[in-house]
Amino acid sequence: MASERRRSPYAVIRPRRGRVVPVVMAVLVLLVFTISAVFVPGQALQKDDWAISDRIMLFLLGAAIAAFLWRFAIIRAVPSPEGLVVRNILVTRRLAWGDIVRLQFGGGSPWAYLDTWDADTVPLMAIQKADGEYGRSEAGRLAALIDYHAGHEPDLDHPAAPADRDATPPPGTPEPQADPTDAGADTTTDGPDDFR
(Lines give C-alpha, C1' and ligand atoms only; values in the text may rest on other atoms or scores of the structure.)
Protein backbone atom coordinates (compact mmCIF):
# COMPACT_ATOMS: atom_id res chain seq x y z
CA MET A 1 0.00 0.00 0.00
CA ALA A 2 2.88 2.37 0.75
CA SER A 3 4.23 1.86 -2.76
CA GLU A 4 0.79 2.67 -4.23
CA ARG A 5 0.63 5.91 -2.23
CA ARG A 6 4.14 6.78 -3.33
CA ARG A 7 3.14 6.35 -7.00
CA SER A 8 0.19 8.71 -6.64
CA PRO A 9 0.92 12.20 -7.98
CA TYR A 10 -1.02 13.59 -4.99
CA ALA A 11 1.02 11.75 -2.34
CA VAL A 12 2.03 13.84 0.68
CA ILE A 13 5.47 15.45 0.34
CA ARG A 14 7.66 15.21 3.45
CA PRO A 15 11.38 15.72 3.97
CA ARG A 16 13.38 12.62 4.87
CA ARG A 17 16.43 13.81 6.77
CA GLY A 18 14.59 16.87 8.05
CA ARG A 19 12.06 14.60 9.74
CA VAL A 20 14.36 12.11 11.51
CA VAL A 21 16.83 14.55 13.08
CA PRO A 22 14.22 16.77 14.82
CA VAL A 23 12.39 13.75 16.29
CA VAL A 24 15.60 12.34 17.76
CA MET A 25 16.63 15.76 19.09
CA ALA A 26 13.16 16.42 20.59
CA VAL A 27 13.27 13.13 22.50
CA LEU A 28 16.82 13.78 23.74
CA VAL A 29 16.01 17.34 24.86
CA LEU A 30 12.93 16.20 26.74
CA LEU A 31 14.88 13.40 28.47
CA VAL A 32 17.79 15.66 29.46
CA PHE A 33 15.57 18.41 30.84
CA THR A 34 13.33 15.95 32.70
CA ILE A 35 16.30 14.16 34.29
CA SER A 36 17.88 17.51 35.17
CA ALA A 37 14.64 18.73 36.78
CA VAL A 38 14.37 15.59 38.91
CA PHE A 39 18.03 15.12 39.88
CA VAL A 40 19.30 18.72 40.17
CA PRO A 41 21.63 18.78 43.18
CA GLY A 42 20.51 20.46 46.35
CA GLN A 43 19.22 19.63 49.79
CA ALA A 44 16.06 20.70 51.53
CA LEU A 45 16.09 23.98 53.47
CA GLN A 46 19.41 25.16 51.99
CA LYS A 47 19.60 28.75 50.75
CA ASP A 48 20.39 27.89 47.13
CA ASP A 49 18.17 24.81 46.84
CA TRP A 50 15.97 24.36 43.76
CA ALA A 51 12.32 24.69 44.75
CA ILE A 52 9.65 22.55 43.16
CA SER A 53 8.60 25.56 41.05
CA ASP A 54 12.17 25.81 39.68
CA ARG A 55 12.13 22.14 38.74
CA ILE A 56 8.73 22.48 37.03
CA MET A 57 9.99 25.50 35.07
CA LEU A 58 13.06 23.54 33.93
CA PHE A 59 10.85 20.68 32.75
CA LEU A 60 8.48 23.11 30.94
CA LEU A 61 11.43 24.75 29.20
CA GLY A 62 12.54 21.35 27.92
CA ALA A 63 9.00 20.54 26.80
CA ALA A 64 8.78 23.86 24.92
CA ILE A 65 12.07 23.21 23.10
CA ALA A 66 10.96 19.65 22.26
CA ALA A 67 7.61 20.94 20.93
CA PHE A 68 9.42 23.44 18.68
CA LEU A 69 11.69 20.67 17.36
CA TRP A 70 8.60 18.49 16.80
CA ARG A 71 7.21 21.20 14.48
CA PHE A 72 10.19 20.54 12.21
CA ALA A 73 9.20 16.87 12.07
CA ILE A 74 5.64 17.54 10.87
CA ILE A 75 6.56 19.84 7.97
CA ARG A 76 4.74 18.70 4.83
CA ALA A 77 3.04 19.71 1.61
CA VAL A 78 -0.28 18.05 0.78
CA PRO A 79 -1.28 18.28 -2.89
CA SER A 80 -4.85 17.56 -3.96
CA PRO A 81 -6.89 18.18 -7.12
CA GLU A 82 -8.06 21.47 -5.57
CA GLY A 83 -4.67 22.88 -4.57
CA LEU A 84 -1.74 22.60 -2.20
CA VAL A 85 -1.59 22.85 1.60
CA VAL A 86 1.89 23.91 2.76
CA ARG A 87 2.69 23.30 6.43
CA ASN A 88 5.93 24.91 7.54
CA ILE A 89 7.24 25.35 11.08
CA LEU A 90 4.87 28.08 12.22
CA VAL A 91 2.51 28.82 9.32
CA THR A 92 0.16 26.66 7.25
CA ARG A 93 -0.92 28.05 3.87
CA ARG A 94 -3.63 26.80 1.50
CA LEU A 95 -2.99 27.62 -2.14
CA ALA A 96 -5.20 26.94 -5.13
CA TRP A 97 -3.29 25.67 -8.16
CA GLY A 98 -4.20 28.87 -9.98
CA ASP A 99 -2.37 30.88 -7.29
CA ILE A 100 0.98 29.18 -8.00
CA VAL A 101 3.13 30.59 -10.80
CA ARG A 102 6.22 28.43 -10.44
CA LEU A 103 8.38 26.30 -8.14
CA GLN A 104 11.99 27.32 -7.45
CA PHE A 105 14.49 24.84 -6.07
CA GLY A 106 18.21 25.45 -6.09
CA GLY A 107 20.80 28.12 -5.51
CA GLY A 108 21.82 28.80 -1.92
CA SER A 109 18.40 28.10 -0.41
CA PRO A 110 18.03 24.94 1.72
CA TRP A 111 14.46 24.33 0.51
CA ALA A 112 12.08 25.09 -2.34
CA TYR A 113 9.95 28.20 -2.84
CA LEU A 114 6.63 28.80 -4.57
CA ASP A 115 6.03 32.04 -6.46
CA THR A 116 2.37 33.13 -6.45
CA TRP A 117 0.23 35.41 -8.63
CA ASP A 118 0.31 38.19 -6.04
CA ALA A 119 4.15 38.33 -6.17
CA ASP A 120 4.42 36.52 -2.83
CA THR A 121 7.06 33.86 -2.20
CA VAL A 122 6.00 30.91 -0.06
CA PRO A 123 8.75 28.74 1.45
CA LEU A 124 8.15 25.04 0.84
CA MET A 125 10.23 23.42 3.57
CA ALA A 126 8.93 19.94 2.74
CA ILE A 127 11.28 19.82 -0.28
CA GLN A 128 14.83 20.15 1.03
CA LYS A 129 18.25 20.16 -0.61
CA ALA A 130 19.60 17.97 2.19
CA ASP A 131 17.52 15.08 0.76
CA GLY A 132 19.55 15.09 -2.48
CA GLU A 133 18.01 13.07 -5.30
CA TYR A 134 14.83 12.42 -3.32
CA GLY A 135 14.32 16.17 -2.89
CA ARG A 136 14.89 16.78 -6.61
CA SER A 137 12.41 14.05 -7.58
CA GLU A 138 9.76 15.47 -5.23
CA ALA A 139 10.37 18.94 -6.70
CA GLY A 140 9.93 17.48 -10.18
CA ARG A 141 6.70 15.75 -9.16
CA LEU A 142 5.28 18.95 -7.69
CA ALA A 143 6.41 20.98 -10.72
CA ALA A 144 4.59 18.48 -12.96
CA LEU A 145 1.42 18.94 -10.89
CA ILE A 146 1.72 22.73 -11.18
CA ASP A 147 2.14 22.44 -14.94
CA TYR A 148 -0.76 20.01 -15.22
CA HIS A 149 -3.14 22.26 -13.33
CA ALA A 150 -1.90 25.36 -15.18
CA GLY A 151 -3.11 23.70 -18.39
CA HIS A 152 -6.70 24.06 -17.21
CA GLU A 153 -8.66 27.15 -18.14
CA PRO A 154 -7.52 30.07 -15.93
CA ASP A 155 -9.90 31.61 -13.44
CA LEU A 156 -10.07 35.22 -14.66
CA ASP A 157 -12.28 36.22 -11.71
CA HIS A 158 -9.57 35.24 -9.24
CA PRO A 159 -8.61 38.34 -7.18
CA ALA A 160 -4.91 37.66 -7.71
CA ALA A 161 -5.18 37.22 -11.49
CA PRO A 162 -3.07 39.59 -13.62
CA ALA A 163 -4.63 43.02 -14.13
CA ASP A 164 -3.94 42.95 -17.89
CA ARG A 165 -6.57 40.42 -18.92
CA ASP A 166 -6.19 41.32 -22.60
CA ALA A 167 -2.80 39.59 -22.48
CA THR A 168 -4.51 36.33 -21.49
CA PRO A 169 -4.91 34.07 -24.54
CA PRO A 170 -8.51 33.31 -25.51
CA PRO A 171 -10.01 29.98 -24.43
CA GLY A 172 -8.97 27.13 -26.69
CA THR A 173 -5.50 28.59 -27.34
CA PRO A 174 -2.93 25.94 -26.45
CA GLU A 175 -0.83 26.77 -23.42
CA PRO A 176 2.95 26.88 -23.97
CA GLN A 177 4.41 23.68 -22.58
CA ALA A 178 7.32 23.72 -20.19
CA ASP A 179 10.56 22.19 -21.36
CA PRO A 180 10.49 18.61 -19.98
CA THR A 181 14.22 18.79 -19.31
CA ASP A 182 13.66 21.55 -16.71
CA ALA A 183 12.16 19.08 -14.20
CA GLY A 184 15.41 17.14 -14.13
CA ALA A 185 17.67 20.19 -14.02
CA ASP A 186 20.82 20.04 -11.96
CA THR A 187 20.19 21.94 -8.71
CA THR A 188 23.84 22.13 -7.74
CA THR A 189 24.37 25.40 -9.64
CA ASP A 190 24.66 28.75 -7.93
CA GLY A 191 21.42 30.12 -9.36
CA PRO A 192 17.88 28.95 -8.54
CA ASP A 193 16.20 26.41 -10.78
CA ASP A 194 12.79 27.45 -11.99
CA PHE A 195 10.70 24.35 -12.42
CA ARG A 196 8.22 26.22 -14.52
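Odds and ends about this structure:
- With 0.36 nm allotted per residue and the present C-alpha distance subtracted, the L28-D49 stretch has 5.0 nm of extension available.
- Distance (nanometres) between label positions extended 7 Å along Cα→Cβ at V38 and R17: 3.5
- Put simply, the amide H of W111, placed in the peptide plane, has neighbours under 5 Å in K129, leaving out anything fewer than 5 places away on its chain.
- Per residue, the accessible area of the stretch 48-98 comes to 59 Å², computed with a 1.4 Å probe over protein heavy atoms only.
- One decimal place: the segment S137-F68 gains 22.0 nm when fully extended, by the rule 0.36 nm per residue minus the C-alpha distance.
- Note on surface exposure: F105, F59, F39 rank F39, F59, F105 by accessible area, highest first, 1.4 Å probe.
The values are calculated or read from the model by the stated rules, or taken from the named source; none is laboratory data. Since the model is a prediction, treat every value here as computed from it, not as a measurement. In this analysis, Cβ positions are derived from the backbone assuming ideal geometry, glycine residues included, and neighbour counts consider all displayed protein chains. SASA here: full protein model, heavy atoms, side chains in, ligands and nucleic acids out. Shrake-Rupley method; radii C 1.70, N 1.55, O 1.52, S 1.80 Å.
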